[in-house]
Amino acid sequence: RTLATGHKTMTPPYLAAAQGGRQHLVAAASQCLLFKEVLEVLQLSMWTLTLQEEGLEDVRDFKGPGGRGRLEEVLEESGLDTDHIALIVSAVCAAPAVDGPAAAPPPSLGASPDTPGAVVDAEEGSPDPILQELPGLRAPGLAGPARAALIADPNYWRDLCPQLHFQDPEVARRAQSSVLCFGDEQIQQCRDRMLHDGYFDIIAGAELDWAVDVQAIAQAIQTLSAHGWPPAFLLMYDEPWVMAHQVQDLVLRCTGNSLVMDFSMFFVGSGRTARGTPDHAGGPSSKGWPPHRDRGTDASTTAFNPDGTPQYVTTWIPLTDASSVNSCLYCVPKAHDPGYTGGDKGRNPLQAIFSRSENFQHIRALPCPAGSLLQFSHRLLHWGGAMDPQVRAWKGEPPRVALSFASAHKSFEEPYLPAELLPLPPPSARAALIGAQAIAYCQNEDPGPWRMALYWDCASVQTFTPRFQAIVRGNYEA
């Protein structure tokens, strides 16, 4: 049926079994241009006749201006429940494209590709929000380096979030002179807690004298999301780099590690997917990442110094208050996790830890106010909670916005970018790191084929460490 209606590519069956697979199938069916196909994928064939009686047969009738509103009205009158209405409307009016493969990668990440960038495959009538922000990306035959240059355009980023800074010399000077200083006693306490629990926290206060406006950064991430950009594009601004630089003395004295530039940004409650499209209720945007170790292979159990401190740590900083309502972090402390140092040996760590029901009582919630600091080992099992928007509204709490960055010993993991680019890398290097990390973490947040190709173009103008390049290339080719 798909081929008969002229659609070239149906979603591979394995995607239907993956997280979000149902949406992939609905998106593919919607491009067959018949509501009947959409409804059959949803197993709602009984509604086909009803919708045909309402004049709903060709989805193209609802792809133009005002189409979403008209479609919602008709579906509401038909008696469909709100969840299915939202799913059908998303598929028909704003579905991510599934038509056409991503562009083939260039020979190496370190070299600029000399082939044209990927053809835009966003669905007609609902282009990727990035195209609306940077129309120049629409130019036919635009080569990869030119696409990367458009992404790194300083004027665009300065205009988008004027409360933040972009390549500001004064900010660079401030970063060099604003390293957070802690006394020997507090450093020892942090080390002791890391050794005992696998993490430590420092609650916002006078000790954390950030040289940036934490609230302004949180607002900027929300602005980025409203314009269709993933939170990771906060790295285009100086502020997250300054915060990472401020913390490095603390990291070095506690564990001997240095910044590897493995950044992540989080906006739980954004209502948007990694493709920039509206997310469904209870979707990925309403919860943190599921339980995981930042370096989960058993080989990483040896990545500890002789004194027991980890050779890889993550620093996590909430930019809004993080609570049990809006998705604070949770963890299983080291003492209650047999796989922390012993390895999981092919087992699911959750099954090993919670083999006895009373072990659930060892789960530790880590709520903290904006501007606090959590630092944890690569072996700490941790996750972000699921946000309940209704409860959050009742309590008047903000969405959970946060950033994190990793530090490691060079023998375990080298910095992704040359250290001489710090503390404030040039725009092209920032865009390259954003693109490379979006590909590296695509299993957690699928950006779709068009954005994957765009991110590859950004990443291709920068040379990374061989290990990181291999991860990026492997994910892209997969």
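In nm, give the distance between the simple-model label positions of LYS345 and HIS196, each being 7 Å from the Cα along the Cα-to-Cβ direction.
2.9 nm
Using a Förster distance of 45 Å, how high is the FRET efficiency between GLN163 and SER357, based on the Cβ-Cβ distance and rounded to 0.05?
0.40
I'd like the distance separating the alpha-carbon centroids of the range 198-240 and the range 337-362, in whole Å.
Going from one Cα centre to the other spans 33 Å.
Of the listed peptides 203-214, 178-189, what is their order by residue-averaged count of other C-beta atoms within 10 Å, with the highest listed first?
203-214, 178-189
Starting from 0.36 nm per residue, how many nanometres of slack lie between ALA393 and ARG467 once their C-alpha separation is accounted for?
So the chain would gain 22.3 nm between ALA393 and ARG467.
Under the 0.36 nm per residue contour assumption, what length would be gained going from the current alpha-carbon distance of SER428 and GLN443 to full extension?
2.9 nm
Over the range 360-414, with a single point scatterer placed on each C-alpha, what log10 of the ratio I(q)/I(0) does the Debye formula yield at q = 0.19, 0.25, 0.32 1/Å?
One equal scatterer on each Cα of the range 360-414 leads to -0.93, -1.24, -1.41.
Taking just the alpha-carbon atoms of the range 170-425, what radius of gyration and Dmax come out, in angstrom?
Computed over the Cα atoms of the range 170-425, radius of gyration and Dmax are 18.0, 56 Å.
Neighbour counts of other C-beta atoms within 10 Å: give me VAL247, VAL268 arranged from fewest to most.
VAL247, VAL268
So, how do all the Cα-to-Cα distances of the range 365-478 break down into 5 Å bins, in percent, from 0 on up?
All Cα pairs, binned at 5 Å, distribute as 2, 9, 16, 17, 17, 16, 13, 7, 3, 1 percent.
Want the number for ASP213 to ILE187: 0.36 nm per residue separation, take away the alpha-carbon distance, what's left?
Working it through step by step, the gained length comes to 6.8 nm.
Quick note: the coordinates plus some simple rules give every number you see, no bench work behind them. Because the structure is a prediction, the values reported are computed rather than measured. Every residue, glycine as well, gets a Cβ built from its backbone with ideal geometry; the counts of neighbours run over all protein chains shown.
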